[in-house]
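Quick notes on the structure that follows.
Bear in mind these aren't lab numbers, they're just calculated from the coordinates by the rules spelled out. The structure displayed is predicted, hence computed values, not measured ones. Every residue, glycine as well, gets a Cβ built from its backbone with ideal geometry; the counts of neighbours run over all protein chains shown.
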Amino acid sequence: MTVLYRTYRPSSWNDVVGQESIVDVLKETIKFKRISHAYLFSGSRGTGKTSVARILAKSLGTTDEDIYEIDAASNRGIDDIRELREHVSVSPFSSIYKVYIIDEVHMLSKDAWNALLKTLEEPPKHVIFILATTELNKVPDTIVSRCQTFSFKRPSREVVRAHISVIAKKEGYTLDVDGADLIALLGDGSFRDALGMLEKVISSSKDKKLSRSEVEVITGAPKAILINTFIQNVIAKNADGSLDVLARVEKAGISMTVFSALMLEKMRFILLLQHSPSSKKYLIERVSKDDMNYIEAEASKKAITPTILIALLEAVGQISRSQIETLPLELAVVNICA
């Protein structure tokens, strides 16, 4: 099976998803020939930085033999940059420009940064640098100031969900809305990670229909029944039942962060429907029929309060800082049910 993120990697401006404002600016830059000698693309993993870098290089008429991709994680030393400096002085083979795409540029050593700075200050007219990083704070200000900078935003779950649903269809599979939403959540704002999970689900599926339950089993995500049971016990102020669910989640090796995100979202939906019946139209587009029935049933009880959600929100915010991952939620449950 072909790796999905490579098969569907954007190869033209029209293929880029979720970065429309950046695409528009770069297209205008090329149209009016306001080409910079150095660009800096920053943003979290899987948001399209290197793909856009390649498209930009191609849009400038640069052929493959004049595009050089360098991984700064493995070419981070002063000698590597000195070699690059010698290389840039050579004219392109068959293009107007030679384009150097340096990925994970924040990994360069201090001496390498100083060497690169000299090249950025006085680059040959035929050279364009495109630097990409997931950690902009580690890039020296002297480098940033010499680049045209673009910040790649994390795509929303709606954007990722729609994207992977389209790709699943192209691969001949039907992915239900709830399954797509779970993959989008687990992808954590990364198209690449979401496509990796979709590929895993497809490779394990026995038919052409991909359901939420299949995604749960294959990715190790918490089953909906666990989340529903936890919510019901919290609403009923049943500490024993709520803590039992958390213990089962921990025993199963499920990420407490993922469990919490799914739990909070479902409780939010219940709260919305309690106070705004018109929100049903919005919710139907986001959840499965079974989940919608559950949300409506719980909303009719009008038992979820802002106080409960605030307590759980505060607990979830402490998970990453806690030595015991379940402890913040356990404490919140005890306080809510007291």
- request: Output the number of residues of the stretch 31-53 satisfying the condition of being more than 19 Å from residue 124 (Cα to Cα) and either among the hydroxyl-bearing types (Ser, Thr, Tyr) or surrounded by fewer than 20 Cβ atoms within 10 Å (Cβ to Cβ) (or both).
  value: 8
message: Can you pull out every residue in the stretch 147-176 that is hydroxyl-bearing (Ser, Thr, Tyr) and more than 15 Å from residue 209 (Cβ to Cβ)?
response: 149, 151, 156
- request: Could you check, for the stretch 187-210, whether at least one of its residues is in contact (Cβ under 8 Å) with a residue 40 or more places away in the chain, outside any helix (DSSP H, G or I) and aliphatic (A, V, I, L, M)?
  value: yes
field: Verdict on residue 21 being surrounded by fewer than 16 Cβ atoms within 10 Å (Cβ to Cβ), in contact (Cβ under 8 Å) with a residue 40 or more places away in the chain and of a type outside the set (A, V, I, L, M)
entry: no
query: Any residue at all in the stretch 145-157 that is part of a loop (DSSP other than H, G, I, E, B), surrounded by 16 or more Cβ atoms within 10 Å (Cβ to Cβ) and on the phi > 0 side of the Ramachandran plot?
result: no
statement: Picked from the stretch 287-334 (must be surrounded by 12 or more Cβ atoms within 10 Å (Cβ to Cβ) and among the polar types (S, T, N, Q)), the residue nearest to residue 176 (Cα to Cα) is 288
task: Just name the residue that is surrounded by the fewest Cβ atoms within 10 Å (Cβ to Cβ) out of those in the stretch 167-183 that are within 29 Å of residue 260 (Cβ to Cβ) and out of contact with any Leu (no Cβ under 8 Å at 6 or more places or on another chain).
output: 177
